[in-house]
1. So Arg85 clears everything in (1) surrounded by fewer than 14 Cβ atoms within 10 Å (Cβ to Cβ); (2) within 17 Å of the chain's Cα centre (by Cα); (3) among the basic types (Lys, Arg); (4) modelled with pLDDT of 95 or more except one condition, right? Which one?
2. Sort out which residues of the stretch 33-51 are touching a residue at least 40 places away in the same chain (Cβ under 8 Å) and in a loop (DSSP other than H, G, I, E, B), and write them in order of number.
3. When the stretch 75-98 is examined, which residues are found to be touching a helix residue (DSSP H, G or I) at 6+ places or on another chain (Cβ under 6 Å) and in a helix (DSSP H, G or I)?
4. Which one of these is in a strand (DSSP E or B), surrounded by 14 or more Cβ atoms within 10 Å (Cβ to Cβ) and in contact with a Leu (Cβ under 8 Å, 6 or more places away or on another chain): Leu54, Leu69?
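The values are calculated or read from the model by the stated rules, or taken from the named source; none is laboratory data. Worth saying up front: this structure is predicted, and the values here are computed from it rather than measured. When we count neighbours, we look across all protein chains shown, and the Cβ atoms used for this are built from the backbone with ideal geometry, even at glycine.
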Amino acid sequence: APEERAGAQRPAKAAQARGAEPAAAPRRTAASRAQRLYIKITADREQPALLAQLKQLLASHAGPLDTVLFYEREQKTMVLSEKSRVKPSPSLIAEIDKLLGKGSAVVK
């Protein structure tokens, strides 16, 4: 019956009148959508000299992506400062893999 349909719509109209909006799918923020460079550091590669080389390597590929280090031994992640943001490229990934082992770097 048309009266029932009209009645069923009233709560939604009342909610809109109060300024509420219909529920929508959650929006992903720009931050959650942005890619990052993840670098895995295994226990045997946690050496000051290697980490210093990594820092220089990242600096030479400056760009917009955050860099996240994953320390395998401690199972901890660390987002590096803005100074360590990078522009990912096949050559950067290859150099990180050469320094820290194949599969150490991934952009996602």
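1. Among (1) surrounded by fewer than 14 Cβ atoms within 10 Å (Cβ to Cβ); (2) within 17 Å of the chain's Cα centre (by Cα); (3) among the basic types (Lys, Arg); (4) modelled with pLDDT of 95 or more, Arg85 violates only (1).
2. Filtering the stretch 33-51 for residues touching a residue at least 40 places away in the same chain (Cβ under 8 Å) gives 35-42, 45, 50.
Hits for the stretch 33-51 are Gln35, Thr42.
3. Answer for the stretch 75-98, where residues must be touching a helix residue (DSSP H, G or I) at 6+ places or on another chain (Cβ under 6 Å) and in a helix (DSSP H, G or I): Ser84, Glu95.
4. Working: Leu54 fails: in a strand (DSSP E or B).
Just a single option satisfies the conditions, and that option is Leu69.
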